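Report on the following structure.
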Amino acid sequence: MEESCKISVSQLFLLLFLSRGFSVIAFSPSIQGGGERITLITTLLSGIVQYLALTAGLALCRRGAGSSPLIAPGTVFYRVQCALYCLCAMAVAVYTAVSFLSFMAAAVYDYRYGWLVAVTFGAAGALAVCQGLEGLARGAGILAVLLGLGCVVIALGLWRQYDWLNFSLRLLAPGDTLRGAFHGFAMNGELFAFLLLSEYLRTPPGKGACAGWVGGTTLTAVAVQLLTMLTLGAYGSLRSFPVFTAVTSAGFRSFQRLDSVFLVIWVVLGLVKFTVFLALASGLAPRALFRPWSPGWAWGCGALASAAALVLWSGPEHWMEGFYRFVATGALTLLGVLLLPLLGKLLDMGGRKARR
């Protein structure tokens, strides 16, 4: 790729920070489960797990002059890698779409118009993919500033609702602590997204930059947990969308409710996350089939993700619950961050030995 099409490490980290932010505010204990194991302590421990996994994945991707988890094109395993990464990215895109749809249909639009939300969301994501990764990365800085201001407004609007008697550092059993720490890693698909997007970077990322990104996303998750804890207490774990429930209790003299601010944050973060993983899926699918990329891949993958989300949302409740449980197992993140890069590393080492 030409240098003009590449992006900086800071741009990529900021883009993935926004993408990860959607998962933080979209987590619903009553729908997705596992909320009893998510505490401030397990979230901090999860940050350590994520950093170790990311550095290990980057080390496995360093082969010669490249830093991609994909091996050299032209081999069968290259096509297998592309296909598996495409499926992982599509699964995260579907997770994003169904989470977005569930909230919008429950809190904003009538249930009957869920299909319209799904179609619009998929089309917006496909259109954003067609504009290119560089444009999205450049816009991430402006979006981050605007969303930061929105978060400050919400935090200030909630200050009268804070009850420090709700603050608690729950200590769990060792097994539950480990499962809670693993949950944050399992839900962070941005880890393998970063490995795949590293080929678009002008310079390779350092350990300090990786630590800063993981630390930033971890502290953001802690801040959101603290906000809902102080505002809602134990009641928050019973709500479908605890962050939104907390925001509805906020207000200033000039703004009685801040629902609209949260809605803007939700739409922007959801669209960023969906676009990132839709771009990965639509870019990897033609590689697996040895076909050139065209905008049709983005529109096709967007339509498929929207259709799958609509089926999960409108079908029996256990379909969506089962899908959430599958994502929470960490199979996607483990495969994308560690297993596929490890197999690529081993095959690359074997190939170099054979050439000698």
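Quick rundown of the values:
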| quantity | calculated |
| --- | --- |
| Span-like helix ranges in the chain, DSSP H, alpha carbon extent 20 angstrom or more, Kyte mean at least -0.5 | 9-26, 40-61, 76-103, 114-130, 133-157, 207-232, 259-288, 295-314, 340-355 |
| Solvent exposure ordering (accessible area, 1.4 Å, most first) of His183, His318 | His318, His183 |
| Local net charge near Phe182, Cβ-Cβ under 12 Å (Lys/Arg +1, Asp/Glu -1) | +1 |
| Heavy-atom accessible surface of the chain: percent carbon and sulfur, 1.4 Å | 69 percent |
| Average accessible area per residue (Å²) across the chain - probe 1.4 Å, nucleic acids and ligands excluded | 46 Å² |
| Thr203-Ala56 FRET efficiency (beta carbon distance; Förster radius 25 Å; 0.05 resolution) | 0.75 |
| Around Ala193: net Lys/Arg minus Asp/Glu count, Cβ-Cβ under 11 Å | +1 |
| Estimated 222 nm signal from helices in the chain, with DSSP H stretches of n ≥ 4 weighted -39500 (n - 2.57), rounded to 500 | -23500 deg cm²/dmol |
| Compactness relative to 2.2 N^0.38 Å, alpha carbon Rg of the range 79-119 | 1.53 |
| Cα gyration tensor category, rounded, prolate or oblate, for the range 36-98 with a/c compared to 1.5 | oblate |
| Nonlocal amide H pairs with Arg63, under 5 Å, H built at 1.01 Å | Ser68 |
| Most mobile listed residue (Ser19, Ser314, Ser68) in the chain, GNM with C-alpha springs under 10 Å | Ser314 |
| Trp213 accessible area, assembled protein chains, probe 1.4 Å, Å² | 10 Å² |
| For volume of the Cα convex hull per residue in Å³, calculated from these coordinates, the label among [x] 211; [y] 139; [z] 149 | [y] |
| Prolate/oblate/rounded label for the range 110-149 (Cα gyration tensor, a/c 1.5) | oblate |
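The values are calculated or read from the model by the stated rules, or taken from the named source; none is laboratory data. Being a predicted model, the structure only gives us computed values, none of them experimental. Glycine also receives a Cβ, built like all others from the backbone with ideal geometry; neighbour counts cover every protein chain displayed. Keep in mind that these areas ignore ligands, DNA and RNA; they rest on the heavy atoms of the full protein, side chains included. Shrake-Rupley method; radii C 1.70, N 1.55, O 1.52, S 1.80 Å.
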